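Peer 1: Here's a structure for you.
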Amino acid sequence: MRELKAHLSAYLDQVRRGHPLVVTEHGRPIVEIVPYGGTSKLAELIGAGRARAPRASARSLPEPIDATGSVSDIVLEQRR
């Protein structure tokens, strides 16, 4: 328990990557922490070392601005 408290972030990172964590107290297992939602195929592949977890979440790009003129003019127009 002391080790878990001291390094909680690191252990949760391991769980996020698909590695279940068994917490013990005086050498006896008391709880198992697993990724939320159960084991997915991706989690199995990550756990087996055959895939890596994404580094960042996917984001959509903003719509391009169709504009002419200087950057200052475009910024001023966007602020209106």
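Taken together, the values in this text are just the output of simple stated rules run on the coordinates, not laboratory data. Computed from a predicted structure; not experimentally measured. Here Cβ is always computed from backbone atoms with ideal geometry, including for glycine, and neighbour counts include all displayed protein chains.
Peer 1: Can you name every residue in the range 63-76 that is more than 37 Å from the chain's Cα centre (by Cα) and of a type in the set (Asp, Glu)?
Peer 2: Once the filter is applied, which keeps residues that are more than 37 Å from the chain's Cα centre (by Cα) and of a type in the set (Asp, Glu), the range 63-76 yields only Asp73.
Peer 1: Can we say Arg59 is over 20 Å from Leu12 (Cβ atoms) and under 14 Å from the mean Cα position of the chain (by Cα)? Even if it seems obvious, please write down each step before you answer.
Peer 2: On the way: over 20 Å from Leu12 (Cβ atoms): yes; under 14 Å from the mean Cα position of the chain (by Cα): yes.
In short, yes.
Peer 1: So which of Ala53, Ala48 is closer than 20 Å to Arg17 by Cα and out of contact with any Leu (no Cβ under 9 Å at 6 or more places or on another chain)?
Peer 2: On the way: Ala53 fails: out of contact with any Leu (no Cβ under 9 Å at 6 or more places or on another chain).
Answer to the check: Ala48.
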